[in-house]
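To keep things clear, I will list the structure first and then write my remarks on it.
The values are calculated or read from the model by the stated rules, or taken from the named source; none is laboratory data. All figures in this text were calculated on a predicted structure; none of them were measured in a lab. Because the Cβ atoms are built from the backbone with ideal geometry, glycine has one as well, and the counts that use them run over all protein chains shown.
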Amino acid sequence: MKVLALMLAACSTVAMAQAPATAKAELRDVSGKSIGIVVLTETPHGVLVRANLMGAPSGVHAFHVHTTGTCEAPFASAGGHFNPETKQHGAINDMGMHAGDMPNIVIPAEGNLSVDVLLPNVTLQAGPNGLFKAGGTALMLHGAADDYKSDPAGNAGPRIACGVVIH
């Protein structure tokens, strides 16, 4: 019985040690209203970004990681796009894309959306592509669609919601 208890304790410790790193961000609009929670999970292929939006503005919106973990409305405090490899912006830009570039999201009329995006060039671990760098990082929802090519920000319109990435 004692051996079984020790084996179970050892398995539990191994399982806890292998749990993936996670982070989260609460997206708030310029008035401070919460419009969603985003959970980030380290995977072997990058960081999985799982956004659950509620009451967000409908339409097509750009969604990016920004360089600074500060979200003071109107969110210029979050800096530019997370770009540790100094590339240009956009998935269809021959010189791009930023590590923090994500596909546009389409929010339906009722403002609720659950969406998953994989960021293959970022990590929740230490290093140049780590989201927990000095100064932190933030997630940003823009007022318009990203054109996937214009540098530095894809003509994505105003910053309408922001959330600091935290442990």
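Structure notes:
- Scanning segment 135-163 for residues that are among the charged types (D, E, K, R), out of contact with any helix residue (DSSP H, G or I) (no Cβ under 8 Å at 6 or more places or on another chain) and either farther than 9 Å from HIS61 by Cβ or without any contact (Cβ under 8 Å) to a residue 40 or more places away in the chain (or both) yields ASP147, LYS149, ASP151.
- THR67 of a type in the set (Ser, Thr, Tyr), out of contact with any Leu (no Cβ under 9 Å at 6 or more places or on another chain), touching a residue at least 60 places away in the same chain (Cβ under 8 Å) and over 20 Å from SER34 (Cβ atoms): yes
- In summary, ALA153 fulfils each of the numbered conditions (1) over 16 Å from the mean Cα position of the chain (by Cα); (2) buried (at least 17 other Cβ atoms within 10 Å of the Cβ); (3) modelled with pLDDT under 90; (4) aliphatic (A, V, I, L, M) with the single exception of condition (1).
- Residue in segment 19-37 that is exposed (fewer than 10 other Cβ atoms within 10 Å of the Cβ) and at pLDDT below 95 present: yes
- Yes/no for ALA99 being touching a residue at least 12 places away in the same chain (Cβ under 8 Å), assigned to a loop (DSSP other than H, G, I, E, B) and within 17 Å of ALA153 (Cβ to Cβ): yes
- Some residue of segment 155-163 being part of a loop (DSSP other than H, G, I, E, B) and either within 24 Å of HIS45 (Cβ to Cβ) or touching a strand residue (DSSP E or B) at 6+ places or on another chain (Cβ under 6 Å) (or both): yes
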